[in-house]
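Here, each number is a calculation from the coordinates, and none is a lab measurement. As the structure is a computational prediction, the values presented were derived from the model and not from experiment. No Cβ is skipped: glycine too gets one built from the backbone with ideal geometry, and neighbour counts run over all protein chains shown.
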Amino acid sequence: MSVIVGKLPFFNTRTNVIVRGQEVPIKADQIVVWMSLSEGGRGSLDPEPLRFPAIVDTGHTHNFSIQEQQLAEWAGLDSRLLTKLGEIRIGSDRLPLLDVDAWLHPNIPGKRDVATGRSPFCLELDEGIAVYPRAMTAAPRLPLLGLRALRLAGLQLIIDCRKLMVTIRKPYRFWMAL
């Protein structure tokens with residue numbers, strides 16, 4: 001078993017995180033992980049990647065969603081330069097699906113802080129990520145990491161609501177020699 005995010009706390013009160021020098025409010029009971037994005041298929045991430053918070057949303061039925069402005073400012077990617085893979089519909093709006101890989105950063109166990117000495121885990125998202133255009137006012141306030149991305153990566157998500165802790169890990173693999 002390989003723990004990617006371990007003993008990550010979430011809180012039953014409002015908290016804040018700092019992104020590019022600005023305070024970003026986190027609502028009670030929101031599970032926040034730190035992510036980076038890269039062009040799809042690169043297979044690597046810059047040595048000093050831009051990290052930003054994303055909410056783990058088990059009700060989000062896509063891989064990953066982000067506002068176009070956050071994609072540029074927080075992830076350092078220009079949507080106009082990314083390969084479009086298709087579209088999804090949100091109500092009557094259509095969002096582009098862009099060829100981007102998402103990277104999940106390990107945390108310091110017991111803290112929400114990134115463990116800078118450990119490598120991030122690549123979520124190769126063959127279907128891409130959904131990007132909300134700047135003009136769309138119904139976009140989520142923060143990027144959303146959907147359950148589908150974790151499922152497609154074969155990861156386990158463990159939410160301990162009593163202890164207010166989350167673990168995301170690769171599953172155990174048992175090999176029996178006969």
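Let me check I have the definition right: for segment 81-121, take the eigenvalues of the Cα gyration tensor, multiply each by 5, take square roots. What are those semi-axes in whole Å, largest first?
33, 14, 6
Running a GNM on the chain with Cα contacts under 10 Å, which residue among ILE31, ILE158, ILE90 ends up with the highest mean-square fluctuation?
Of ILE31, ILE158, ILE90, the Gaussian network model singles out ILE90 as fluctuating most.
Among LEU71, LEU98, LEU152, which one shows the highest mean-square fluctuation when the chain is modelled as a Gaussian network with alpha-carbon springs under 10 Å?
Of LEU71, LEU98, LEU152, the Gaussian network model singles out LEU152 as fluctuating most.
Using the basic label-point model (7 angstrom from Cα toward the beta carbon), what is the THR13 to ARG134 distance in nanometres?
Simple spin-label model gives 3.8 nm for this pair.
List the residues of segment 130-157 whose backbone N lies under 16 Å from a point placed 7 Å from the Cα of LEU85 along the Cα-to-Cβ direction.
130-132, 144-154
Using alpha-carbon positions, what is the distance between the centroids of segment 125-143 and segment 150-170, in Å?
23 Å
How long, wide and thick is the chain, going by the Cα atoms along their three principal axes, in whole angstroms, largest first?
Answer, in whole Å and largest first: 53, 45, 34 Å.
So for segment 2-170, taking the charge dipole from beta-carbon charges (+1 Lys/Arg, -1 Asp/Glu), which of LEU164, ALA130, PRO109 sits furthest toward the positive end?
Result: LEU164.
Figure the gain on full extension for CYS161 and ALA72 (residue separation times 0.36 nm, minus the Cα-Cα span) and round it to one decimal in nm.
Value of the extension gain: 28.6 nm.
So how much slack lies between ASP93 and ASP113, counting 0.36 nm per residue of separation and subtracting their Cα-Cα distance, in nm?
Here the answer is 3.7 nm.
Taking each pair of different alpha-carbon atoms in segment 1-105 once, compute 1/r for the pair, average those values, and report the inverse of that mean as the Kirkwood hydrodynamic radius in Å to one decimal.
Across segment 1-105, the inverse of the average 1/r is 15.4 Å.
Out of PRO140, ASN12, LEU150, whose Cα points farthest toward the positive end of the dipole of segment 2-170 (charges: +1 Lys, Arg; -1 Asp, Glu; placed on Cβ)?
ASN12
Could you state the number of Å between the C-alpha centres of segment 79-120 and segment 1-78?
Using only Cα atoms to place each centre, the spacing works out to 7 Å.
Obtain the nm distance between the two label points defined at ARG42 and LYS170 by a simple spin-label model: each point lies 7 Å from its Cα along the Cα-to-C-beta direction.
Label-label distance for ARG42 and LYS170, simple model: 2.2 nm.
Pick out which of GLN22, GLN69, GLN30 has the largest mean-square fluctuation in a Gaussian network model of the chain, springs linking Cα atoms closer than 10 Å.
Checking each option, the largest mean-square fluctuation is seen for GLN22.
If you only keep lysine pairs separated by 8 or more in sequence, or across chains, how many in the chain come under 25 Å at the Cα atoms?
For the chain, qualifying lysine pairs total 8.
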